[in-house]
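J.: This is the structure, below, for whatever I ask next.
The values are calculated or read from the model by the stated rules, or taken from the named source; none is laboratory data. All values derive from a computational prediction rather than experimental measurement. Reconstructed Cβ throughout: ideal geometry from the backbone, glycine too, with neighbour counts over all protein chains shown. In case anyone asks, the SASA skips ligands and DNA or RNA and just uses the protein heavy atoms, side chains included. Shrake-Rupley method; radii C 1.70, N 1.55, O 1.52, S 1.80 Å.
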Protein chains: 2
Amino acid sequence: MGMVMKTDIFMTQVGEWLKATGPESDIVISSRIRLARNLKGYPFTSIATKEQLTETETYIREKIEQNKIIPSMLYFNLKGLTQIERNLLVERHLISKDLAEKNSARALALDKTESISIMINEEDHLRLQVLKSGLQLTESWQILNDLDNKLEEVLPYAFSSQFGYLTACPTNVGTGMRISIMLHLPGLTITKQMEKVFQTLTRIKFIIRGLYGEGTYATGDFYQIANQTSLGYAEKDVINEIHNIIHEVIKYERAWREKLLLDPSKQLEDRIWRAYGILRYGSSISSQEIASYLSAIRVGITLGLIKDIDTQTLNEIFIFSQPAHLQKMHNKTLSASERDITRAQYVKKKLNIR
Amino acid sequence: MGMVMKTDIFMTQVGEWLKATGPESDIVISSRIRLARNLKGYPFTSIATKEQLTETETYIREKIEQNKIIPSMLYFNLKGLTQIERNLLVERHLISKDLAEKNSARALALDKTESISIMINEEDHLRLQVLKSGLQLTESWQILNDLDNKLEEVLPYAFSSQFGYLTACPTNVGTGMRISIMLHLPGLTITKQMEKVFQTLTRIKFIIRGLYGEGTYATGDFYQIANQTSLGYAEKDVINEIHNIIHEVIKYERAWREKLLLDPSKQLEDRIWRAYGILRYGSSISSQEIASYLSAIRVGITLGLIKDIDTQTLNEIFIFSQPAHLQKMHNKTLSASERDITRAQYVKKKLNIR
């Protein structure tokens, strides 16, 4: 028997990574590092039977519990969750869409601050994740490396002296490390510089994409930059390289924001204040739209134009105004049009209006 | 020498017709009746020489002045006005675009409340106009008829016992009367009922069009309904007929507004509050846009949703946020983008914000 956890806890807190306390958090939302690990002697999840998956999940859970790998751990077996709760975990950036759709023994272990998490039986047996506010790659790596070492002491990792850690997908072979930085780039988006950024990053083998992983588009000027391969590079080299690249992008973004501010047509200022007006007064707001408004207001806060909303409140709205969060909040399934109305109401409440 | 009048007076007042005090003024903005008259023995303006136009203008002005036809009259000779001042009079619904473009002796006489006005040397020698708030056809007709009688006592009207009053354009021959009702029909517009209204009115020989006369489109759900011909009908019959038609349109509009209010997706409510938010906070607002926002807020006031703006303030914004009014306010020519910014600033000031 796994522990029974209530997802209600997610309705009364936000992850530490959303507190906007990290370095460069005017532009960098979060830094995430993930490691892919598999167990020797257990079949990869893609070819495992239901029973084998259950066996793997039980084995990993017991080891984590017994050795107190994660302090004050929360543990969710996906089987016990409703569709809304699963989607809630996706919106929370804690599990992948893939994992949310599975009905065999799949699980999520995490610490209370939502900084450290482990997906069990996703594409790999273990997906270790550290998620921090702002640009904190070195710090995140230390925590993740520590977690990885502790697990390796109690679990038999599949490792090849030639290839490194073995993974289900070849792009993760080697260090098995994937770094992903979430950035807010309205300046580059409005001024149509993103195409250049895309081309440059792709050329040097980095991936840039929208907010919810592969195949998605940027919503509200939020992007993820990630490394593409992890074979043949030491972790620290990859971290250094991505650190330098992100700093370049930040510089570029800041320069364009300043140019935009000088625009006599007040395009940016207008966009910011309209977003503010619509969030305050709109009666029905779609999820596509809200990302764009929150993006504008985020810039407004950075530029000192908007003083009565802080970035943390904005981040909370970002997370809690998502479909599954709204439905969990109301404890029922809502149609798209009902969600749009409850979204507008929630935003007003958060902004202390009426 | 004509009197020298300063158009500055228009910056400190609005016409009485904009005070939203007339009957049905939740839907009917204004009632306008116009008469076309020409002088016997003077050539029509389209064939008159510059000298003849001057002669006609001088003659008419002197007669009006000497006989005190209009109490506390304002008089503007178009020649003495800048382009911005001419456009201001168009935006004010006091002269036609045609008259604004002419450089020979053309003039406007009006009373201080802007209810009574006479265009001199437009298409006809005299265009008499009465403009009132809401649906006031009978009242307007009495005032206009009285003005017409007084003028007829001192000016030799061109009149044929067969055709009635002779006019430059055959559609005005007969009574020379043109009635025009300005309506606000957001309910019928949003629910796509306007096509039906157009067809019905056209079939019974009425004209329906946008705010600034022929060839314009409806801006912000505001429409003008006018009669098409004036030959062969007594004035009172035409007035009765248009009165009945307008009452039908009003009933139809009210019914659709009620249906819209029951819409669970809150489409109308959302449109109203977004408009409110954008007017309060936008930094740059185009003239196209503002008409649509003012339209939404007008409905919001009618439905009791918006309580801190009254219809008169809204009407003032409607008039003063037009290009020539904004430029007159700043005493200089402004580019479209500068106007959009000053428009947003003006609106904020009127709504008492920041």
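J.: Answer yes or no as to whether B:Arg257 is outside any loop (DSSP other than H, G, I, E, B) and open to solvent by 30 Å² or more (accessible area, probe 1.4 Å).
T.: On the way: outside any loop (DSSP other than H, G, I, E, B): yes; open to solvent by 30 Å² or more (accessible area, probe 1.4 Å): no.
No.
J.: Can we say A:Leu351 is open to solvent by less than 50 Å² (accessible area, probe 1.4 Å), within 29 Å of A:Glu85 (Cβ to Cβ) and touching a Phe, Trp or Tyr at 6+ places or on another chain (Cβ under 6 Å)? Walk me through it before giving the result.
T.: Values: open to solvent by less than 50 Å² (accessible area, probe 1.4 Å): yes; within 29 Å of A:Glu85 (Cβ to Cβ): yes; touching a Phe, Trp or Tyr at 6+ places or on another chain (Cβ under 6 Å): no.
In short, no.
J.: Right, here's the next one. Does B:Tyr42 meet the test of being open to solvent by 10 Å² or more (accessible area, probe 1.4 Å) and in contact (Cβ under 8 Å) with a residue 24 or more places away in the chain?
T.: On the way: open to solvent by 10 Å² or more (accessible area, probe 1.4 Å): yes; in contact (Cβ under 8 Å) with a residue 24 or more places away in the chain: yes.
Yes.
J.: Which residue out of B:Leu183, B:Leu128, B:Leu147 is in contact (Cβ under 8 Å) with a residue 40 or more places away in the chain, hydrophobic (A, V, I, L, M, F, W, C), in a strand (DSSP E or B) and over 15 Å from B:Ile29 (Cβ atoms)?
T.: The unique qualifying residue is B:Leu128.
J.: Evaluate the following for B:Ile290: is it more than 10 Å from every other protein chain (Cβ to nearest Cβ), in a helix (DSSP H, G or I) and among the hydrophobic types (A, V, I, L, M, F, W, C)?
T.: On the way: more than 10 Å from every other protein chain (Cβ to nearest Cβ): yes; in a helix (DSSP H, G or I): yes; among the hydrophobic types (A, V, I, L, M, F, W, C): yes.
The answer is yes for B:Ile290.
J.: On to the next question. Taking A:Arg271 as the residue in question, decide whether it is farther than 22 Å from A:Thr189 by Cα, within 14 Å of chain B (Cβ to nearest Cβ) and in a helix (DSSP H, G or I).
T.: no
J.: Now for a different question. Suppose the filter is polar (S, T, N, Q), out of contact with any His (no Cβ under 9 Å at 6 or more places or on another chain) and in contact (Cβ under 8 Å) with a residue 40 or more places away in the chain; does B:Ser295 pass it?
T.: Numbers: polar (S, T, N, Q): yes; out of contact with any His (no Cβ under 9 Å at 6 or more places or on another chain): no; in contact (Cβ under 8 Å) with a residue 40 or more places away in the chain: yes.
Here the answer is no, as B:Ser295 does not meet what is asked.
J.: Of all residues in the stretch B:82-112, count the ones that are open to solvent by 20 Å² or more (accessible area, probe 1.4 Å) and part of a loop (DSSP other than H, G, I, E, B).
T.: Matching residues across the stretch B:82-112 total 6.
J.: I would also like to ask the following. Give me the pairs, please: first residue somewhere in the stretch B:298-317 and farther than 23 Å from B:Gly15 by Cα, second residue anywhere and modelled with pLDDT of 90 or more and open to solvent by 40 Å² or more (accessible area, probe 1.4 Å), beta-carbon distance under 8 Å, and either six or more positions apart or on two chains.
T.: Taking only residues 6 or more apart or on different chains, the pairs are B:Leu305/B:Glu269.
J.: Okay, moving on. Quick check on this structure: which one of B:Gly282, B:Gly277 is open to solvent by less than 10 Å² (accessible area, probe 1.4 Å), free of Cβ contacts under 8 Å to residues at least 40 places away in the same chain and within 14 Å of chain A (Cβ to nearest Cβ)?
T.: Values: B:Gly282 fails: free of Cβ contacts under 8 Å to residues at least 40 places away in the same chain.
Criteria check complete, one pass: B:Gly277.
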